[in-house]
Amino acid sequence: MKRIAVLTSGGDAPGMNAAIRAVVRTGIEHGWEVYGVEHGYSGLVDGDFREMGPRSVGGIIQQGGTILGSARCPEFKTEDGRRKALRELNRHEIEALVVIGGNGSQTGASELHKMGFPVVGVASTIDNDLYGSQITIGVDTALNIALEAIDRLKVTASSHGRAFLVEVMGRNCGYLALMAGIAGGAEAVCIPEFETSPELLADQIQLAYERGKAHAIVVVAEGAKYNAEELAHYFEENNERLGFALRVTTLGHVQRGGMPGAFDRLLGTRLAAMATEQIAKGNFGVLAGQLKGEITTTPYEEVVANKKELDPQLFDLAQSLAR
Ligand code: ADP
Ligand code: F6P
């Protein structure tokens, strides 16, 4: 092995830079040249590669985002697009690729691996919807940002005796919403995995009012059947009696842009070091992730064939705590 490359793909996540840094520095330690690919699969298809050294990843471990840039690249979903990427990898004499990204990115990496290219993945997405890693890079920081917002909203909600629908990210996955709901002491959560009807949510808000609470916080995942705006519209249209006056806050991309906390810096570093170790061993077509507290790998066939499930007991717990 002489030369490897690394890219970040999909939604950026705090801790991706720690992972890039660790790929570059452990790669150099293994005796390889390390190239960075700009803007995920777009850069792979277009041949945007640059050589990286220990100094080019200096001072980035504490930075959010990704110094390589990230992208959604529809072209890579086509076989033609992936063939172009393969041509660029061969033209730059790259012998293995590290893909730092979430569900979609790892599905793309698995397709590239099926076409015969040696790939290793690093589990990174704030959504935490990737099979093969119980926690992915970025989740912890994003969760803490959501929590800070919820704590602040509670203050103003209590002053005015209001209910807030707080929408957090999570395309098809309610992990962030559920955990933010439990850790933020929310009165209710609304997530795609366990459907709650708008009528039931209205009842839960009204119950909080009748119990004499000063506020009610409902954490809504963006991927839930009804998002926060739709729920507010429904309550208004149906004259649902909530007790509280209602406000809506959508946190959106604010959650992705944070400075990574200790957990994400360490996870990013350890998963990336695991990825270069696999390259050294010639163990390709695997995802580096964390399972039962251990840094480990899962074959891509297993990663793409399985959906990460959310523990129903946590949903029940969120409801029991909202008294
Ligand atoms: P994330 O990795 O954060 O889940 P996306 O789902 O947007 O983000 O995926 C990132 C990129 O991965 C896509 O823009 C596309 O280039 C690639 N990708 C996603 N799904 C596939 C697929 N089924 N086949 C090939 N490439 C894919
Ligand atoms: O995949 C992570 C994520 O932040 C999702 O939670 C969200 O739905 C999506 O990315 C937003 O994508 P974009 O950055 O392209 O708007």
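The values are calculated or read from the model by the stated rules, or taken from the named source; none is laboratory data. Here the structure is a predicted model, which is why all the values come from computation and not from measurement. Because the Cβ atoms are built from the backbone with ideal geometry, glycine has one as well, and the counts that use them run over all protein chains shown. Only protein heavy atoms, including side chains, enter the accessible area calculation; ligands, DNA and RNA are left aside. Shrake-Rupley method; radii C 1.70, N 1.55, O 1.52, S 1.80 Å.
One residue stands out among those in the stretch 67-76 that are surrounded by fewer than 22 Cβ atoms within 10 Å (Cβ to Cβ) and outside any helix (DSSP H, G or I): the one that is nearest to ligand 2 (Cβ to nearest atom), which is ARG72.
Could you pull out the residue among GLY40, GLY31, GLY59 that is open to solvent by less than 10 Å² (accessible area, probe 1.4 Å) and not aliphatic (A, V, I, L, M)?
Values: GLY31 fails: open to solvent by less than 10 Å² (accessible area, probe 1.4 Å); GLY59 fails: open to solvent by less than 10 Å² (accessible area, probe 1.4 Å).
Checking each option against the conditions leaves just GLY40.
Please work out if GLU111 is away from ligand 2 (no atom under 15 Å from the Cβ) and either in contact with a His (Cβ under 7 Å, 6 or more places away or on another chain) or over 21 Å from GLU301 (Cα atoms) (or both). Step through it out loud before you land on a result.
Values: away from ligand 2 (no atom under 15 Å from the Cβ): yes; either in contact with a His (Cβ under 7 Å, 6 or more places away or on another chain) or over 21 Å from GLU301 (Cα atoms) (or both): no.
No.
Just wondering, is there one or more residues in the stretch 37-44 that are in contact with a Cys (Cβ under 9 Å, 6 or more places away or on another chain), closer than 26 Å to GLY282 by Cβ and either among the aliphatic types (A, V, I, L, M) or not assigned by TED's automatic domain parsing to the domain that holds PRO74 (or both)? Yes.
Report yes if some residue within the stretch 88-100 is touching a residue at least 12 places away in the same chain (Cβ under 8 Å), touching a Pro at 6+ places or on another chain (Cβ under 9 Å), away from ligand 1 (no atom under 16 Å from the Cβ) and not in a helix (DSSP H, G or I); otherwise report no.
Let us first name the residues in the stretch 88-100 that are touching a residue at least 12 places away in the same chain (Cβ under 8 Å), namely 88-89, 91-100.
Now restrict to residues that are touching a Pro at 6+ places or on another chain (Cβ under 9 Å): 95-97.
Imposing the further condition that a residue be away from ligand 1 (no atom under 16 Å from the Cβ) reduces the set to 95-96.
Those still in the list that are not in a helix (DSSP H, G or I) too: 95-96.
Scanning the stretch 88-100 turns up at least one residue that is touching a residue at least 12 places away in the same chain (Cβ under 8 Å), touching a Pro at 6+ places or on another chain (Cβ under 9 Å), away from ligand 1 (no atom under 16 Å from the Cβ) and not in a helix (DSSP H, G or I).
Residues of the stretch 1-47 that are away from ligand 1 (no atom under 16 Å from the Cβ) and among the hydroxyl-bearing types (Ser, Thr, Tyr): THR26, TYR35. Considering the stretch 136-163, and only residues there that are away from ligand 2 (no atom under 15 Å from the Cβ) and not in a helix (DSSP H, G or I), the residue that is most open to solvent (accessible area, probe 1.4 Å) turns out to be ARG162.
Can you pull out the strands (runs of 3 or more DSSP E) entirely within the stretch 199-317 that have at least 3 residues that are more than 20 Å from the chain's Cα centre (by Cα)?
By residue number, 216-221, 245-250.
Summed over the stretch 188-209, residues that are touching a residue at least 60 places away in the same chain (Cβ under 8 Å) and farther than 9 Å from VAL219 by Cβ total 4.
Table: residues versus (1) of a type outside the set (Asp, Glu); (2) open to solvent by 50 Å² or more (accessible area, probe 1.4 Å); (3) not assigned by TED's automatic domain parsing to the domain that holds ALA19.
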position: GLU229; (1), (2), (3): no, yes, yes
position: HIS233; (1), (2), (3): yes, yes, yes
position: ARG241; (1), (2), (3): yes, yes, yes
position: THR249; (1), (2), (3): yes, no, yes
position: GLY252; (1), (2), (3): yes, no, yes
position: THR269; (1), (2), (3): yes, no, no
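Checked against the criteria, GLU187 does not count as charged (D, E, K, R) and at pLDDT below 95.
I'd like to verify a number: residues in the stretch 30-66 that are within 26 Å of ARG83 (Cβ to Cβ), outside any strand (DSSP E or B) and not acidic (Asp, Glu), how many? Walk me through how you get there before you give the answer.
Step one: list which residues in the stretch 30-66 are within 26 Å of ARG83 (Cβ to Cβ), which gives 32-52, 66.
Filter once more, keeping what is outside any strand (DSSP E or B): 32, 38-48, 66.
Then drop every residue that is not not acidic (Asp, Glu), which leaves 32, 39-45, 47, 66.
Total satisfying the criteria: 10.
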